[in-house]
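Data first, discussion second: the structure below is written as structure tokens.
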DNA sequence: AGTCTTGGCGTACAAGCGTACGTGGTTGTA
DNA sequence: TACAACCACGTACGCTTGTACGCCAAGACT
């Protein structure tokens, strides 16, 4: 659809916060982000402005407060970002990344269980599609 | 260990090619990359220079040809890059990305089988560590 | 010997990024 | 009403990234 310029790393964090919070004022986003890391209010403001400039967010003045809302869906952005990463770092192959994630980053037992189910499910539909 | 500046997207592709090929001249890297996408020879050269400047590669003149070799190991770079992505786009949680990869990008049947084994293995060691 | 090709190396340059500051208006408070 | 806190908005600035060009020397070809 719309072909937006890619998000930078910093912009991504702000976008993620915005997805989590829903429409929010700069200060609210700022405070949410503050809890995780030290960042300047103005920096957040600039990122939000850029997010809007790139077409990832909209904003409107509500009284004298500008409220930002995500425009692009998280799923879309994640898809594009991950596709790009997989392309560049793994030459387009998905499995090496999956392997890396599962082996090198901790996965809890209940998550493992979920994973197993996920696989069962896919396996079943594979069987159907390619008998 | 050494704290290198992060790789940019473009640099990553060159690094990956270099890992795949082992030590190689600029032209060799260029030709390998050409097959996948259109890129200028000088661009590749600049990326290799920057890779070295950032400490990800070394080079030495062999006759009048400069041979570049990867210095950082792929595993390390992948770890750092993926950690960063997971942090920024998923707030540090691994599972959403794993889920995304498995659900949204095609995984072949034999890869599914491999995944299942991987999970069995981890499950077993989990059991041992936390009885 | 003269010309073509190839490579190294220096340099460029606009756009994007990270990180803010300052100004001037608005609102809540003493 | 004077003052402090808060906000939007414009602006800045050095660094990085993407994408090259041009010059010069060494080897290859005629």
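Listed here are the residues, each with its yes/no results for (1) within 13 Å of DNA strand D (Cβ to nearest atom); (2) without any contact (Cβ under 8 Å) to a residue 60 or more places away in the chain; (3) away from every other protein chain (no Cβ under 12 Å).
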residue: B:18; (1), (2), (3): no, yes, yes
residue: B:33; (1), (2), (3): yes, yes, no
residue: B:38; (1), (2), (3): yes, yes, yes
residue: B:85; (1), (2), (3): no, yes, no
residue: B:90; (1), (2), (3): no, yes, no
residue: B:99; (1), (2), (3): no, yes, no
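If you filter segment A:67-80 down to residues that are more than 8 Å from DNA strand D (Cβ to nearest atom) and away from chain B (no Cβ under 14 Å), you find that the one that is farthest from the chain's Cα centre (by Cα) is A:68. Just checking, does segment A:50-66 include any residue being modelled with pLDDT of 95 or more, more than 17 Å from the chain's Cα centre (by Cα) and within 20 Å of residue B:85 (Cβ to Cβ)? Scanning segment A:50-66 turns up no residue that is modelled with pLDDT of 95 or more, more than 17 Å from the chain's Cα centre (by Cα) and within 20 Å of residue B:85 (Cβ to Cβ). Confirm whether residue A:122 is closer than 29 Å to residue B:77 by Cβ and in a helix (DSSP H, G or I). For residue A:122, the condition - closer than 29 Å to residue B:77 by Cβ and in a helix (DSSP H, G or I) - is not met. Residue-level check: of (1) farther than 30 Å from residue B:21 by Cβ; (2) crowded, with 16+ Cβ neighbours inside 10 Å, residue A:98 misses just (1).
The set of residues in segment B:41-57 being near DNA strand D (Cβ under 10 Å from one of its atoms) and in a strand (DSSP E or B) is empty. Restricted to segment A:19-40, and to residues there that are within 15 Å of DNA strand C (Cβ to nearest atom) and assigned to a helix (DSSP H, G or I), the residue that is nearest to residue A:73 (Cα to Cα) is A:29.
Looking for something within 12 Å of DNA strand C (Cβ to nearest atom), modelled with pLDDT of 95 or more and in contact with a helix residue (DSSP H, G or I) (Cβ under 6 Å, 6 or more places away or on another chain) - is there at least one such residue anywhere in segment B:74-84? For segment B:74-84, residues within 12 Å of DNA strand C (Cβ to nearest atom), modelled with pLDDT of 95 or more and in contact with a helix residue (DSSP H, G or I) (Cβ under 6 Å, 6 or more places away or on another chain): absent. Can you spot a residue in segment B:46-58 that is loosely packed, with under 15 Cβ neighbours inside 10 Å, in contact with a strand residue (DSSP E or B) (Cβ under 6 Å, 6 or more places away or on another chain) and over 28 Å from residue A:77 (Cβ atoms)? Yes: segment B:46-58 contains one or more residues that are loosely packed, with under 15 Cβ neighbours inside 10 Å, in contact with a strand residue (DSSP E or B) (Cβ under 6 Å, 6 or more places away or on another chain) and over 28 Å from residue A:77 (Cβ atoms).
The residues of segment B:105-127 that are loosely packed, with under 14 Cβ neighbours inside 10 Å and either facing chain A (nearest Cβ under 7 Å) or in contact with a helix residue (DSSP H, G or I) (Cβ under 7 Å, 6 or more places away or on another chain) (or both) amount to a single one, B:109.
Condition check for residue A:69 on (1) surrounded by 14 or more Cβ atoms within 10 Å (Cβ to Cβ); (2) within 16 Å of DNA strand C (Cβ to nearest atom): one failure, at (2).
The values are calculated or read from the model by the stated rules, or taken from the named source; none is laboratory data. These figures come from a predicted structure and were not determined experimentally. Note: ideal-geometry Cβ built from the backbone for every residue, glycine included; neighbour counts use all protein chains shown.
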